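Read-outs: derived from the displayed coordinates by stated rules, not from any lab. Please read all numbers here as calculations on a predicted model, not as lab measurements. Positions of Cβ are backbone-derived with ideal geometry, glycine not excepted, and every protein chain shown enters the neighbour counts.
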Amino acid sequence: MFTALIPHAIGIKGRDLAGNIALAADAGFDGVTFDITEAAALADAHGIDHVRALFTARDIQLASWGVPVAWRDDEQRDAQLKNLPKLAALAVELGCPRATSGIMPGSDERPYDEQFVWTVERLQPLAETLRAAGAQLGLEFIGPKTFRARWQHEFIYTLRGTFELAEAVGTGNVGVLLDAWHLYTSGGTIDEIDALQPGDVVLVHVNDAPAGIPVDEQVDNVRALPMETGVIDVPEMLRRLDAIGYEGPVAPEPFSRRVEERAATDPEGAARETADSMRQLWDAAGLAG
């Protein structure tokens with residue numbers, strides 16, 4: 001496993017790819033998530049070797065990229081899918097087959113079974129396009145009860161439900177973006193990780209939860225750095241992932257107002273503080289640095 005920075009997850013916005021790579025390297029991260037459309041524009045202008053050199057010059061790994069396809073939007077999806085083969089092929093050539101997207105845990109239009117079919121139908125073309133390029137799709141489920149409550153009909157919000165969806169998509173390249181926060185708030189347990197294969201996990205997010213708040217009252221965008229409160233047993237989560245053979249990126253996603261306020265005036269300091277939390281996590285989990 002290796003640490004990766006998600007700049008926007010700690011309130012850092014507006015930097016280009018080179019700036020985010022430098023930020024990650026200077027703070028002590030091993031890798032960084034990136035915008036595949038920005039990478040493609042740079043490759044078109046300067047060549048793929050230029051993009052690759054941005055990472056290798058600072059010894060930073062490519063962690064993952066968000067799929068730039070609004071697959072829930074029937075008006076936008078087809079046009080965006082036309083661009084995906086080129087983007088996915090570039091990502092794979094750069095050495096980063098890990099693409100991600102998310103599942104909303106509810107619907108106002110369709111009950112669970114209908115929403116399941118509707119979601120499978122829209123994910124299949126996306127997953128097939130990624131498979132053709134040699135890329136994976138990691139789906140993130142969203143756990144908090146306070147978030148789910150906004151919809152009339154509840155939908156997938158658990159690890160088990162996500163894998164049922166992946167199996168129904170049926171392309172063989174769909175796994176999970178496993179977020180410690182969402183596993184905790186969904187009522188899931190770390191023991192569920194034991195049944196996974198390393199290829200089932202595309203990306204891992206780590207974080208902590210505010211203390212003194214019942215799990216069903218936790219609010220999605222009010223979190224903490226990993227190791228900050230000890231509410232979520234993230235070290236054990238990483239030990240279990242290590243035991244199944246997961247070797248991919250682990251990225252902090254704290255959505256912490258305190259960290260974001262620091263990032264507004266001291267982005268380097270916010271990145272260093274976040275990297276420090278990851279070093280504490282690695283030590284607590286007993287992982288090699």
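Quick notes on this structure:
- Multiplying the residue separation of Arg110 and Ala57 by 0.36 nm and subtracting their alpha-carbon distance yields 14.2 nm.
- Dipole magnitude (debye, nearest 20) for the chain, charges at Cβ of Lys, Arg, Asp, Glu: 360 debye
- FRET efficiency, 1/(1 + (r/R0)^6) with R0 30 Å, evaluated for Val222 and Glu247 via beta carbons: 0.45
- Sorted by Cβ neighbour density within 10 Å, fewest at the top, the residues Tyr112, Tyr157: Tyr112, Tyr157
- Exposure proxy for Thr3, Thr158, Thr129, Thr265: other Cβ atoms within 10 Å of each Cβ, ordered fewest to most, give Thr265, Thr158, Thr129, Thr3.
- Part-to-part distance (alpha-carbon centres) for region 161-205 and region 65-128, which is given in Å: 17 Å
- Model label points for Ala288 and Ile48, set 7 angstrom from Cα along the Cα-to-Cβ axis, are 3.0 nm apart.
- With R₀ fixed at 22 Å, the C-beta to C-beta distance from Glu75 to Ala41 puts the FRET efficiency at about 0.40.
- Among beta bridges from DSSP that stay inside the chain, the antiparallel ones total about 10%.
- Contact order for region 1-91, expressed relative to its length and based on alpha carbon pairs under 8 Å spaced 6+ residues apart, stands at 27 percent.
- The chain: calculated mean residue ellipticity at 222 nm from DSSP helix runs of at least 4, using -39500 (n - 2.57): -14500 deg cm²/dmol
- Of Ala270, Ala25, Ala195, the one that fluctuates the most in a GNM where the chain has Cα springs shorter than 10 Å: Ala195
- Our analysis of region 5-134 gives Rg over Rh at 1.03, with the two radii drawn from alpha carbon positions and Rh computed by the Kirkwood formula.
- Among Val231, Val222, sorting on how many other beta-carbon atoms sit within 10 Å of each Cβ, with the fewest leading, yields Val222, Val231.
- Its relative contact order, with pairs defined as Cα atoms under 8 Å and 6+ residues apart, puts the chain at 20 percent.
- Difference of contour (0.36 nm per residue) and Cα-Cα distance, Arg279 to Thr146: 44.8 nm
- Given R0 = 22 Å, the distance between the Cβ atoms of Glu164 and Ala132 translates into a calculated FRET efficiency of 0.40.
- Sparsely packed loop sites in region 222-289 (the GluC sites (Glu not before Pro) outside DSSP H, G, I, E and B with at most 15 other Cβ atoms within 10 Å) comprise Glu247.
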